[in-house]
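Peer 1: Dumping the structure here so I can ask a few things about it.
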Amino acid sequence: TSIAPRVRIATLLCLLSCCGSLLAQDAAPAPTISKPDTVWVLVSAALVIFMTLPGLALFYGGLVRSKNVLSILIQNLAVFSLVAVLWALYGYSFAFTEGNAFIGGTDRLFAAGLNVSSIGATFTKGVYIPELAFFVFQGAFACITCALIVGAFAERGKSAGVLLFTVLWCAFAYFPPAHLVCFCPGTAALSEPDA
């Protein structure tokens, strides 16, 4: 009779360990960062930034009279800097978080929750990059898009008017379309194609 409880306990322990190993096999592996994809995203972001600050600024500077070259260079830098700040404050949240069909949510306002350990999904299943890399990449495009408008105001507008227009334009004409066109919640949210 003293062996029966020991057999029951051993059987129970064996059963629990088997169930534990089955549960461990079903658990999805932790997502890992793709280093080549991360490097490519950051290199692409750097190229866009170089297209904006020296490239676009000097291009527009060459199109205006010599007395307005410095004004165009400063306006380009100011617009780039302003949009970079707006992107960190609310632009990324409204463009690249889940919300409704027209505008994103408020999950990342003031870059809340955006840290080194946050992971962003890509269009390839199982491939992830740091969300900060995606943040910089998309922010560079927001900055160059708004800086392109400086050419329309060349020699025609005051700097304060250009900056005010930039704030309004990116809030109402850039961030909502960026959410409509570019936002994807990741491959986990996409349905599998029918075979």
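Peer 1: Testing the spin-label approximation: label points 7 Å from Cα along Cα→Cβ at Thr32 and Ala112. State their distance in nm.
Peer 2: 3.4 nm
Peer 1: Counting only protein chains, not ligands or nucleic acids, how are Asp37, Asp107 ordered by accessible area (probe 1.4 Å), most first?
Peer 2: On the way: Asp37 65, Asp107 100 Å².
Ranking Asp37, Asp107 by accessible area, largest first, yields Asp107, Asp37.
Peer 1: Can I ask one more? Would you check the accessible area of Phe80, probe 1.4 Å, heavy atoms only, in square angstrom rounded to 10?
Peer 2: 30 Å²
Peer 1: Calculate the FRET efficiency for Leu180 and Ser159 from the Cβ-Cβ distance with a Förster distance of 30 Å, rounded to the nearest 0.05. All intermediate terms of the calculation are to be shown ahead of the outcome.
Peer 2: Values: r = 31 Å, r/R0 = 1.02.
The pair Leu180/Ser159 has a calculated efficiency of 0.45.
Peer 1: If the chain between Ser66 and Trp169 were fully stretched, how many nm would it gain, using 0.36 nm times the residue separation less the Cα-Cα distance? Don't skip to the end; give the middle numbers.
Peer 2: On the way: separation 103, 0.36 × 103 = 37.08 nm, distance 2.82 nm.
Between Ser66 and Trp169, full extension yields 34.3 nm more.
Peer 1: A follow-up question, please. Please report, to one decimal in angstroms, the Kirkwood hydrodynamic radius of the range 75-156 built from all distinct Cα-Cα pairs. Could you put the intermediate results ahead of the total?
Peer 2: Numbers: mean 1/r = 0.0723 Å⁻¹.
Hydrodynamic radius (Kirkwood, Cα pairs) of the range 75-156 is 13.8 Å.
Peer 1: Residues of the range 30-155: accessible area per residue at 1.4 Å, in Å²?
Peer 2: Working: 6640 Å² over 126 residues.
Normalised by residue count, the accessible surface of the range 30-155 is 53 Å².
The values are calculated or read from the model by the stated rules, or taken from the named source; none is laboratory data. All values derive from a computational prediction rather than experimental measurement. Every residue, glycine among them, receives a Cβ derived from its backbone with ideal geometry; neighbour counts consider all protein chains shown. Just the protein is used for accessible areas: all its heavy atoms, side chains included, with ligands, DNA and RNA removed. Shrake-Rupley method; radii C 1.70, N 1.55, O 1.52, S 1.80 Å.
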